[in-house]
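The values are calculated or read from the model by the stated rules, or taken from the named source; none is laboratory data. Owing to the predicted nature of the structure, the values given are computational and were not obtained by experimental measurement. Cβ coordinates were reconstructed from backbone atoms using ideal geometry, including for glycine residues, and neighbour counts include every protein chain displayed.
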Amino acid sequence: MKDTLKPGIESEFKIHIPESKTVPALYPESPEFQEMPKVFATGFMVGFLEWACIKAINPHLDWPAEQTVGTHIDVSHIAATPAGFEVTARVKLIEVDGRRLLFEVEAHDGVDLISKGRHERFIINKEKFDSKMKEKLLKKDR
């Protein structure tokens, strides 16, 4: 991690919402989801907020050797967004505690604030992390 990784880093990130990011697309094998409205799915919204945080801090890491993984998210999803809209995420790094990073996050669809909350990420060494996952896979096969 570079010495530029400090609280106060802010970033804005935008995405166009295609039908492939709506509720029915979240779990295509779910008949219940297939009946639901074609609006931006909470699961995809969470991933979008994570992506915005990753993009904000990658210039301050030794990417790709250093990466971050999400460990906690506490966000609202307070307004529905139909496909075709553009959603903007605004993220701010508010705390750096060793490898733990805490962000304030929000998303807006041009009409409504659709999400607000906090997201926690941890800095990992990609090689070590991958090695641990290989070990875990070996334990599963026993």
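Tabulated data for the structure shown
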item: Some residue of segment 22-29 being surrounded by fewer than 18 Cβ atoms within 10 Å (Cβ to Cβ), farther than 22 Å from Ser115 by Cβ, over 13 Å from the mean Cα position of the chain (by Cα) and modelled with pLDDT under 95; result: yes
item: Test: Asp3 is assigned to a loop (DSSP other than H, G, I, E, B), surrounded by 13 or more Cβ atoms within 10 Å (Cβ to Cβ) and not aromatic (Phe, Trp, Tyr); result: no
item: Filter result (among the charged types (D, E, K, R), in a loop (DSSP other than H, G, I, E, B) and either in contact with a Phe, Trp or Tyr (Cβ under 6 Å, 6 or more places away or on another chain) or surrounded by 15 or more Cβ atoms within 10 Å (Cβ to Cβ) (or both)) within segment 52-110; result: Arg99, Asp109
item: Pairs where the first residue, in segment 117-142, is part of a strand (DSSP E or B) and the second is surrounded by 10 or more Cβ atoms within 10 Å (Cβ to Cβ) and modelled with pLDDT under 95, C-beta under 9 Å, 6+ apart; result: Ile123/Met1
item: Residue match in segment 125-140 (condition: modelled with pLDDT of 95 or more and buried (at least 16 other Cβ atoms within 10 Å of the Cβ)); result: no
item: Among the candidates Leu61, Leu49, residue that is within 21 Å of Leu5 (Cα to Cα), in contact with a Lys or Arg (Cβ under 8 Å, 6 or more places away or on another chain) and in contact (Cβ under 8 Å) with a residue 12 or more places away in the chain; result: Leu61
